[in-house]
Amino acid sequence: MKLKALCGAALIVAVCQGPVAAKKLSGNEINRLISGKKVLLQTSWGAFPLRYASSRRVTGDGTALGLARFFAPKETGKWWVKSDRLCQKFPTWYRGQTFCFSLEKAGAKKLRWRRDDGYSGTAVIQ
């Protein structure tokens, strides 16, 4: 009886604590995970593809999402890793401003990201 009560208490504690916080990816993990890959950034318009070439060029293409009315739908910029964050800069998008992102694994092919200005979301690696 005591064993059942102890197990029940342990289960309640585990449930009340919620899921274990995801670990932020290191710079080496970020490089291995995205270099040469396409990352689909989940947006309210749909999945926005970003191709992270091993040459450190990143190309975003919002053509299929109909984003041309807001900005140039396709652009190539550069990406790098600094202090365990993914950074990128495009020539005209965001007025050429650099943005950096903390990344966490959220599944085998899914990421959670938080931009240095507080915006956050998810993405899928292909």
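Of all residues being surrounded by fewer than 17 Cβ atoms within 10 Å (Cβ to Cβ) and of a type outside the set (Gly, Ala, Ser) in segment 94-108, which is modelled with the lowest pLDDT? Just the residue, please.
The qualifying residue modelled with the lowest pLDDT is 94.
Mind checking which residues of segment 105-126 are farther than 18 Å from residue 35 by Cβ and touching a residue at least 24 places away in the same chain (Cβ under 8 Å)?
106, 112, 116, 121, 122
Against the conditions (1) surrounded by 13 or more Cβ atoms within 10 Å (Cβ to Cβ); (2) outside any helix (DSSP H, G or I), where does residue 117 fall short? Just the number, please.
(1)
For residues that are part of a loop (DSSP other than H, G, I, E, B) and either in contact with a Ser or Thr (Cβ under 7 Å, 6 or more places away or on another chain) or farther than 20 Å from residue 98 by Cβ (or both), scanning just segment 58-75, find the one that is modelled with the lowest pLDDT.
70
Would you call residue 47 under 23 Å from residue 106 (Cα atoms), outside any loop (DSSP other than H, G, I, E, B), of a type in the set (Gly, Ala, Ser) and modelled with pLDDT of 70 or more?
yes
Run residue 20 past the list (1) farther than 22 Å from residue 126 by Cα; (2) at pLDDT 85 or above; (3) within 19 Å of the chain's Cα centre (by Cα) and report the number of the one that doesn't hold.
Of the numbered conditions (1) farther than 22 Å from residue 126 by Cα; (2) at pLDDT 85 or above; (3) within 19 Å of the chain's Cα centre (by Cα), the odd one out for residue 20 is (2).
Which condition from (1) in contact with a helix residue (DSSP H, G or I) (Cβ under 8 Å, 6 or more places away or on another chain); (2) in contact (Cβ under 8 Å) with a residue 24 or more places away in the chain; (3) at negative phi; (4) among the small types (Gly, Ala, Ser) is the one that residue 83 breaks?
The one condition residue 83 does not meet is (3).
The values are calculated or read from the model by the stated rules, or taken from the named source; none is laboratory data. Because the structure is predicted, anything quoted here is derived from the model rather than measured. Note: ideal-geometry Cβ built from the backbone for every residue, glycine included; neighbour counts use all protein chains shown.
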